[in-house]
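Contents: one structure, followed by commentary.
Bear in mind these aren't lab numbers, they're just calculated from the coordinates by the rules spelled out. Everything quoted here is computed from the prediction, not taken from an experiment. Using ideal geometry, Cβ is built from the backbone for each residue, glycine included, and neighbour counts are taken over all protein chains shown.
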Amino acid sequence: MAAYAIARLWDVKLGPEIKAYLEGIDDTLAPFEGKFIIHGGERTVLEGRWTEDLIVIAFPDLARAREWYRSPDYQKILSLRTENSAGDVIVIDGVPPDHKATDILGGIGH
């Protein structure tokens, strides 16, 4: 099942370090079949306040998402981002194509 690395970033200091991070990240993703599906972009806020940038990278499964994050190549460039932005990062499983909202109830109330 697909999995995702999701980052919500703010206070990004666009400078040489972030440029180097962006220039290096694609090569770290390739061995784990990671692909950007959201990388900032124009947004329309429908509810609440959303001021952060959203980044979502898809992986074939959770194991590869975790392996990518822990990989020596990614760890080598990670500080370029963490020292020049604030944010939250998670890896999380996706859902199967036939998923319905009620699937998460799993017997609650039965």
Legend entry - Using θ = phi - 60° and Karplus 6.51 cos²θ - 1.76 cosθ + 1.60, couplings along the range 4-17 (whole Hz; Gly, Pro as x): 9, 9, 10, 10, 10, 10, 9, 6, 6, 8, 6, x, x, 5
Legend entry - Around SER85: net Lys/Arg minus Asp/Glu count, Cβ-Cβ under 14 Å: -2
Legend entry - Separation in nanometres of the label points that stand 7 Å from Cα toward Cβ, at LYS19 and ILE104: 4.2 nm
Inset, instruction - Would you mind working out the magnitude of the charge dipole of the chain relative to its Cα centre, with +1 at each Lys and Arg C-beta and -1 at each Asp and Glu C-beta, to the nearest 20 Debye? - result: 120 debye
Inset, instruction - Please work out how much length the chain gains when fully extended from VAL95 to VAL56, using 0.36 nm per residue of separation minus the C-alpha to C-alpha distance, in nm with one decimal. - result: 12.5 nm
Inset, instruction - Kindly write out, for the range 62-77 in residue order, the coupling ³J(HN,Hα) from the Karplus curve 6.51 cos²θ - 1.76 cosθ + 1.60 (θ = phi - 60°), rounded to whole Hz, with x marking Gly and Pro. - result: 5, 4, 5, 4, 5, 4, 4, 4, 7, 5, x, 5, 6, 4, 5, 9
Inset, instruction - Mind telling me which of LYS19, LYS100, LYS76 comes out most flexible in a GNM of the chain, alpha-carbon contacts under 10 Å? - result: LYS100
Legend entry - Amide H partners (placed H, <5 Å) of ILE38, local residues excluded: VAL56
Legend entry - Sum of side-chain charges, THR28 neighbourhood, beta-carbon under 9 Å (Lys, Arg +1; Asp, Glu -1): -2
Legend entry - Values of log10 I(q)/I(0), in the order q = 0.12, 0.21, 0.23 Å⁻¹, for the chain under a Debye, Cα-only, solvent-free model: -0.50, -1.20, -1.33
Legend entry - Within a Gaussian network of the chain (alpha carbon springs, distance under 10 Å), most fluctuating of VAL95, VAL12, VAL45: VAL45
Legend entry - Added length on full extension, which subtracts the Cα-Cα distance from 0.36 nm per residue, GLU33 to LYS76: 13.6 nm
Legend entry - Computed over the range 3-96: relative contact order in percent, which uses C-alpha pairs under 8 Å that are six or more apart: 53 percent
Inset, instruction - Of the options PRO16, ILE57, GLY41, report the single residue whose Cα projects farthest towards the positive end of the charge dipole of the range 2-59 (beta-carbon charges: Lys, Arg +1; Asp, Glu -1). - result: GLY41
